[in-house]
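Okay, so here's the structure we're looking at.
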């Protein structure tokens, strides 16, 4: 039994020794392959291309023109003439209140206006016939204009009209509801074009100009637009600058009130040298890339410009025609031999 145990022990030692020596052989073999054949890499040819960077925000979208109407009297809703989604013209009657509300004094104002109108017309005929002074005619005109203004105000209070032309986006009351003075009744908006206000930090606002391209995304629906206003003073409460952006909404699938992801283009260049950010390495001296000279890797320091989510602009250190290492660079050092596994244009999607 002792002999069997000793044999097993010696066998285990031999196996462990063989495993360790095999690992060392493989490690030496890999180093030898890299030294003899080169580190396998992929590369891309550097060419000028369009480059842009942007800032990202989240903001609610509203109609480019939007206005709400409020109750001028406390009373019961008599009739709602339109439904949500209907197009209404400016001054169309949307909601009616009863005309017998004592607070509105509808009939009193109507009678007063009609009397003032008749009196003014009569005075005007007398004046034209030479039987009335100019002063008396002016007094009659003033009374008529005051009565007409009162009548218009009373009619507006019981016949609530659309403040602008557009789509009825909300009606917050129902027929027979009792409402109080100054309660909101409905909202009309122009929805073929939407707008948003984004709040831009101090260090970003200098890069945003009127006319800059913008995009809004809501649940996969993308709208294209542009910046129409950049405030010149900071909002002290938000500690940011308001930037207003407008978007075309031709299909009107995006509804006012939704919150969208908004992108503002802050920089564009037609012929930039750009590389994927993953291809840029950094050490104590700063950012660098590897390019290929023959079959040797060359470490090339670069100066970065603007950046986007995936790309960065190189403003110094790379030139058109350079061959940039895009895979295998973590195994490289300056002057190390390389073996090319593939080449493409740097502007191609990898």
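The values are calculated or read from the model by the stated rules, or taken from the named source; none is laboratory data. Predicted model, so just to flag it, every value in this text is computed and none were measured. A quick note on method: Cβ atoms are made from the backbone with ideal geometry, for glycine too, and the neighbour counts reach across all protein chains shown.
Numbers below:
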{"quantity": "Qualifying residue in region 266-281 (condition: touching a residue at least 24 places away in the same chain (Cβ under 8 Å) and within 26 Å of residue 68 (Cβ to Cβ))", "calculated": "no"}
{"quantity": "Filtered residue count, region 223-278, keeping only those that are within 30 Å of residue 304 (Cα to Cα) and assigned to a loop (DSSP other than H, G, I, E, B)", "calculated": "5"}
{"quantity": "Some residue of region 179-193 being within 30 Å of residue 77 (Cα to Cα) and free of Cβ contacts under 8 Å to residues at least 24 places away in the same chain", "calculated": "no"}
{"quantity": "Single residue of region 39-53 satisfying the filter (under 25 Å from the mean Cα position of the chain (by Cα) and surrounded by fewer than 21 Cβ atoms within 10 Å (Cβ to Cβ)) that is nearest to residue 198 (Cα to Cα)", "calculated": "53"}
{"quantity": "Residue in region 282-303 that is within 32 Å of the chain's Cα centre (by Cα), in contact (Cβ under 8 Å) with a residue 24 or more places away in the chain, within 27 Å of residue 205 (Cβ to Cβ) and not assigned by TED's automatic domain parsing to the domain that holds residue 208 present", "calculated": "no"}
{"quantity": "Evaluation of residue 313 against (1) in contact with a helix residue (DSSP H, G or I) (Cβ under 9 Å, 6 or more places away or on another chain); (2) surrounded by 16 or more Cβ atoms within 10 Å (Cβ to Cβ); (3) touching a residue at least 60 places away in the same chain (Cβ under 8 Å) (one fails), failing number", "calculated": "(1)"}
{"quantity": "Residue check, residue 276 in contact with a strand residue (DSSP E or B) (Cβ under 7 Å, 6 or more places away or on another chain) and crowded, with 17+ Cβ neighbours inside 10 Å", "calculated": "no"}
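Yes or no, residue by residue, for (1) assigned to a strand (DSSP E or B); (2) surrounded by 13 or more Cβ atoms within 10 Å (Cβ to Cβ); (3) at negative phi:
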residue	(1), (2), (3)
167	yes, yes, yes
170	yes, yes, yes
182	no, no, no
192	yes, yes, yes
210	no, no, yes
